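J.: The structure follows.
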Amino acid sequence: MSNPLSFKIYGMDCAEEVAILKREVGPAIGGEDRLAFDILNARMIVKVDPGVVTADEVIKIVARTGMRGEVWVDDVCDQDDGFWVQHSRTVMTTISGLMACVGFILHVESRGVGDALGFEGSRFSHDAPTDAVVFYLLAIFSGISYVLPKAWLAIRRLHPDMNLLMTIAVAGAIGIGEWFEASMVAFLFALSLTLESWSVGRARRAVATLMDLSPTTARMILPDGGEQRLTPEQVPVDARVRVSPGERIPVDGRVAQGSSAVNQAPITG
């Protein structure tokens, strides 16, 4: 009988990461059909038979993808993550952009705008000054720090993806001496990943806000007319629940007696 294991996956923000996890985790548990994903909550559910794989083994497999996993615990996963977990992409992207700007300024001061932009005919073409190269390198490594593990995985699996292609583009620009171009490719790709992470994070917070509006108890009407307080999950099907004016509706159902109005603005806007 399958025993579901749940994990919080840091770095899972889109379908691409889901595909990577399916390719890596799937073979270890008997097939990707045993995996389920909740991108908004960064949650991965693994349905395995006892003894097939342990939680620690799954976490190690996830680490090979460049993402990080931990066992899902409701009380822990509902808490806010630390500053670095929440803002590391933003910090590294900002550093990448700043370093690229500093490198470009130093390049322009030393060789001129034409050379910095790689215009043909420049007498210094493809020969960036050393101080500018240092800042360009800092921009590049800051920008692709989250991409390199996934690119390396794509190489090992002989399964090219956009992470590998962007890494090749940066390496190619470095190879022909276009340092500014290489730093800007790294920065812009990092910026796109940061914006994607922001959008998913915003959706997660919106869903969490709605969940906070859900009442924690329901007043179930007993056969003798009394009431019993239960959590919404404990209310059986076809039970009758009393909701007084001003209270929030704890479960789905239809109005059996009485009439009122419901403010749906928190859900419908």
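J.: Quick check on my filter: what residues within the stretch 29-51 are within 22 Å of N163 (Cβ to Cβ) and touching a residue at least 12 places away in the same chain (Cβ under 8 Å)?
T.: L35, F37, I39, A42, M44, listed by residue number.
J.: Quick check on my filter: what residues within the stretch 59-74 are of a type in the set (G, A, S) and without any contact (Cβ under 8 Å) to a residue 40 or more places away in the chain?
T.: A63
J.: Right, another one. Does I176 satisfy being surrounded by fewer than 18 Cβ atoms within 10 Å (Cβ to Cβ) and either of a type outside the set (S, T, Y) or touching a strand residue (DSSP E or B) at 6+ places or on another chain (Cβ under 8 Å) (or both)?
T.: yes
J.: List the helices (runs of 4 or more DSSP H) that sit entirely inside the stretch 3-93 and contain at least 1 residues that are modelled with pLDDT of 85 or more and basic (K, R).
T.: By residue number, 15-29, 55-63.
J.: Restricting the stretch 135-152 to residues that are of a type in the set (F, W, Y) and closer than 17 Å to L193 by Cβ, which is surrounded by the most Cβ atoms within 10 Å (Cβ to Cβ)?
T.: By that ranking, first place goes to Y146.
J.: If you don't mind, another one. Between a first residue in the stretch 250-269 that is over 12 Å from A239 (Cα atoms) and a second residue that is modelled with pLDDT under 90, which pairs have beta carbons less than 6 Å apart while being 6 or more apart in sequence or on different chains?
T.: Listed by first residue and then by second, the contacts come to P250/P215; P250/P232; P266/L213.
J.: Among the residues of the stretch 19-49 satisfying the criterion of being hydrophobic (A, V, I, L, M, F, W, C) and surrounded by 19 or more Cβ atoms within 10 Å (Cβ to Cβ), which is farthest from M211 (Cα to Cα)?
T.: I29
The values are calculated or read from the model by the stated rules, or taken from the named source; none is laboratory data. Nothing here was measured: the structure is a model prediction, and the numbers come from that model. Every residue, glycine among them, receives a Cβ derived from its backbone with ideal geometry; neighbour counts consider all protein chains shown.
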